[in-house]
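What follows is one structure encoded as structure tokens, with my remarks underneath.
Here, each number is a calculation from the coordinates, and none is a lab measurement. Here the structure is a predicted model, which means the values were calculated and not measured. Counting neighbours? That spans all protein chains shown, and the Cβs are built from the backbone with ideal geometry, glycine included.
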Amino acid sequence: MNPVATHRIQLQPAYVLHQRPYRDTSRIVDLFTRDHGRMTVFARGVRNSKTGLAAALQSFQPILVSWSGKGEAGQLVAAELAGEPVNMPAMRMLSGFYLNELLLKLLHLHDPQVEVFDLYNETLQHLKTGSDELLALRLFEKRLLQALGFGMSLQYEAESGRPLEPDGCYRYVLELGPLPVDAIPDAIKGVYTGAALLALGAEQLTDPRQIIEVRHLLRAALDHALDGRHLHSREILGDLRQMRFSKP
Amino acid sequence: MLYPPSLLQLIEALRVLPGVGPKSAQRMAFHLLERNRTGAQVLATSLQAASKDIGQCQRCRMFAELELCPVCASTSRDQSLLCVVESPADVVAVEQSGSYKGLYFVLMGHLSPLDGIGPDELGLSQLEDLFRAGHVQEAILATNPTVEGEATAHFIAELALKHHVKPTRIAHGVPVGGELEYVDGGTLAHALAGRHVIR
């Protein structure tokens, strides 16, 4: 026997983040697996298969995948549904694509992130059934940043260490924290109310205005984590929104 | 060097075809040169003509030689029906079903935010112009039953409603001659949701 036998992983819980066609009938599939992190596999003969592989390899549904091979890209051996088929409402799918792109760009290959996996699972459930789509996205962004080591300080001032005041006004300096400023809160300029920062820290965002406010902060923090990489989905979602709300 | 430069170039050129590797390309080139020079001439002229003359239909984005494709130019098609599909191959598939007499709109893809494919790439403002023109009564959304296809269909349905066009989605279900036992859960769920009364 070959001492370095190619390993084979069986029935690993996973989600499809993205896929693209490869040659005539195959696909290259980006997966987020529970115990092996983000990874890429080749799926042969999916596009004309009668085995239901194409149906299993849809985003936003929990699947169990088996693959073999070492190195950068393994061969997909099997994939089956591990729960209900995709029942994400079509209008929420665009948000789902955004989550997928964040994971695709922020997770390292083969780096297990069980906590993020559970977070993603939970957020998808929330997008499927929950009422507040924007709140689900903001909490995902916040917890994802936290899990990946880009967590924010949302309880105390950066230099003095004094607790944040709900009525206070703060400039948030990334990698440092909130600094008190004597200004009018303006999220676009990076100046936030203490109440919004505290609410984000405690994950108690109930005020729609605060959700909009922290969106700017999270966006700045994500851009920092993305380190110059561009989020296509953010741009496309913006274009779609513009088209949707333009006059007939 | 084993091959003269022009033969080498031909072999390289044949490799642009999907699924053709160096071996198949070499076999094709040898076949054309050894057995079928006339065929090779015909192939060369038709490739040249097609790549030069074929563009997009101004109305539906299907391949067309003139301003309008044959379907859009025809007077016998139902102008009130518009079938929205992802690719030219889908137009052919629907045409071959023989059960559709309306017009088409070819997106040339589906919404794929991660690949940067959005409304501009799919010609959605052109589609909106068609809705706005007022001839279309019903938009049949025949994008593929994938998550991207569903998201695309949903978004186009919103655009259609904005212009008072009725959006409909093609049914998904058990293939003719298929067996329920072997149909995947997602398809079966769609088939059940789309059941209808037997009259």
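Enter the Cα centre distance for the pair the stretch A:11-33 and the stretch B:1-42, rounded to the nearest angstrom.
Their Cα centres are 34 Å away from one another.
Among A:193, A:206, A:123, which one shows the biggest mean-square fluctuation in a GNM of chain A, springs joining Cα atoms closer than 10 Å?
The residue that fluctuates most here is A:206.
In 10 Å bins starting at 0, how do the alpha-carbon pair distances of chain A split up by percent?
7, 27, 30, 21, 11, 4, 1, 0
Binned at 10 Å from 0, what are the whole-percent values of the Cα-Cα distance distribution for the stretch A:7-81, short to long?
In order of increasing distance, the bins hold 22, 62, 16, 0 percent.
In whole angstrom, how far apart do the alpha carbon centroids of the stretch B:52-90 and the stretch B:143-197 sit?
24 Å
Convert 25 °C to kelvin, take the viscosity as 0.890 mPa s, use the Kirkwood radius over C-alpha pairs of the stretch B:55-111 as Rh, and evaluate the Stokes-Einstein diffusion coefficient in µm²/s, rounded to a whole number. Can you show the working numbers first?
Details: Rh = 11.3 Å.
Answer, rounded: 217 µm²/s.
Exposure proxy check: B:196, B:164, A:126 ranked by fewest other beta carbons within 10 Å? It would help to have the intermediate numbers written out before the result.
Values: B:196 6, B:164 11, A:126 18.
Ordered by Cβ neighbours within 10 Å, fewest first: B:196, B:164, A:126.
Sequence gap at least 6, Cα distance under 8 Å: using those rules, report the relative contact order of chain B to the nearest whole percent.
12 percent
What number, in nm² with one decimal, is the all-direction average of the projected area of the convex hull of the alpha-carbon atoms of the protein assembly as shown? Each step should come with its number before you reach the end.
Values: hull surface 127.0 nm².
In nm², the orientation-averaged hull projection of the protein assembly as shown is 31.7.
Could you please tell me the mean projected area of the C-alpha convex hull for the stretch A:70-188, averaged over all directions and given in square nanometres to one decimal?
Working: hull surface 43.1 nm².
So the Cα hull casts an average projection of 10.8 nm².
Kyte-Doolittle mean at least -1.0 and Cα extent at least 18 Å along the axis: which DSSP H helices of chain A qualify? Don't skip to the answer; put the middle values down first.
Working: long enough: A:90-106 (25 Å, 0.78); A:114-129 (23 Å, -0.29); A:133-147 (21 Å, 0.39); A:208-226 (26 Å, 0.09); A:232-245 (20 Å, -0.83).
For chain A, where a helix must reach 18 Å along its axis and average at least -1.0, the hits are A:90-106, A:114-129, A:133-147, A:208-226, A:232-245.
Taking the number of other C-beta atoms within 10 Å as the exposure measure, put A:15, A:156 in order starting with the fewest.
A:156, A:15
Return a whole-number percent for the relative contact order of chain A, with Cα pairs under 8 Å and 6 or more residues apart as the contact set.
Working: 395 pairs, mean separation 34.3, N = 248.
Worked out over chain A, it gives 14 percent.
Given the pairs A:247/B:101; A:247/B:166; A:70/A:142; A:128/A:189, which span a C-alpha to C-alpha distance of over 28 angstrom in this model?
Numbers: A:247/B:101 31 Å; A:247/B:166 18 Å; A:70/A:142 33 Å; A:128/A:189 33 Å.
From A:247/B:101; A:247/B:166; A:70/A:142; A:128/A:189, over 28 Å: A:247/B:101; A:70/A:142; A:128/A:189.
Which of the peptides A:35-41, A:177-183, A:95-101 is most tightly packed, and how do the rest follow, going by the mean number of other Cβ atoms within 10 Å of each residue?
Descending mean neighbour count gives A:95-101, A:35-41, A:177-183.
Sum -39500 (n - 2.57) across every DSSP H segment of at least 4 residues in the protein assembly as shown, then divide by the residue count to get the 222 nm mean residue ellipticity, nearest 500. Could you put the intermediate results ahead of the total?
Details: 15 runs with 184 residues, N = 447.
Here the helix-only value at 222 nm equals -13000 deg cm²/dmol.
Starting from the coordinates of the alpha-carbon atoms of chain B, obtain the Kirkwood hydrodynamic radius over all distinct pairs and give the value in Å to one decimal. Walk me through the numbers on the way to the answer.
Working: mean 1/r = 0.0498 Å⁻¹.
About 20.1 Å for chain B.
Could I have the simple spin-label model distance between residue A:209 and residue B:7, label points 7 Å from Cα toward Cβ, reported in nm to one decimal?
Simple spin-label model gives 8.0 nm for this pair.
Once you've got the GNM for chain B with C-alpha springs shorter than 10 Å, pick whichever of B:70, B:18, B:175 has the biggest mean-square fluctuation.
Judging by the Gaussian network model, the answer is B:18.
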